[in-house]
Amino acid sequence: MAAQPRAVLTVQDHRTFCPTRGKWTARGQVCREVTAADTCAGCVEDAEYFREVYALTRERLEAVHGLTLVVLSQYMKDELAAAGVAAERIHVIPPFVHGLDRGEGPEGPPCVLFVGRLVEAKGVRESVEAWRRSRLDLPLVLAGTGPLRTRLEAEGLTVLGWLPRERLARRYRAARAVLMPSRWQEPFGIAGLEALSLGVPVVAWDSGGIREWHPGEGLVPWGDVDGLARALRAAVLEPRPVSPPPGFEPEALTARLRAVYAGLARASGSSSRT
């Protein structure tokens, strides 16, 4: 599909323009540089591996030129455009919340919740540290799995593993706040939008596309763990009604996606008749 000149490709992550860590450097900083061999080499210790992964990234980037692209956030569009992809070919169509039963009751006691892969890039360690610094009398519950699971369980934290949608909805219902301090630059962050749709505040770092759906209260500068802890404490002790901002309605977003495909089909049909 992606090899055809008239095709739609949804780009959901950084692999077409970042060969390493998702715009998060080996030094633990946000990467704001355009992909280049000399710039990116410092993020990979193994030189041979870097040459291979960098070549693969360049191949991916070259493959998307000429295609119609769909991305999840303006952040992703800006990154692709900076890497040389024609901006007029990139359509921003964010995901929407699907499959969460808003009528489900809570499962488990009130808690602070983390939802996502248990990897460094998702800010799991920062979530734990911010929760500890907040000194809230609520447990931290982690819904997800990954290489950090064993270590987190050894520290006595509650790790639920992967949850089906009906159970995840109930866990959101039990949460007083959701933590999302993504260290990599988040392409979107659907767990946050899910939480807001169920009335749960999201305390997050300003990472990638998060600010495009976050209402603002509880959005903290990237890398600020103390600020995260303060915002978490405020979200729990001074709760305010929250909901998703406008623009994420399923019907409207589905219509926009269909329009992209329809436009491509019309262009293809017109070309075949000439």
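Points worth noting:
- Of residues in segment 11-25 being assigned to a loop (DSSP other than H, G, I, E, B) and under 13 Å from the mean Cα position of the chain (by Cα), the one farthest from ALA83 (Cα to Cα): GLN12
- All conditions in (1) in contact with a Cys (Cβ under 9 Å, 6 or more places away or on another chain); (2) over 25 Å from TRP222 (Cα atoms) hold for GLY156, with the sole exception of (1).
- Residues of segment 240-269 classified as touching a Lys or Arg at 6+ places or on another chain (Cβ under 8 Å) and at pLDDT 95 or above, total: 0
- Residue within segment 220-242 that is assigned to a loop (DSSP other than H, G, I, E, B), at positive phi, touching a residue at least 24 places away in the same chain (Cβ under 8 Å) and surrounded by fewer than 15 Cβ atoms within 10 Å (Cβ to Cβ) present: no
- Residue check, GLY108 more than 20 Å from PRO187 (Cα to Cα) and part of a helix (DSSP H, G or I): no
The values are calculated or read from the model by the stated rules, or taken from the named source; none is laboratory data. Keep in mind it's a predicted model, so treat the numbers as computed, not measured. All Cβ positions, glycine included, derive from the backbone under ideal geometry; neighbour counts span all protein chains shown.
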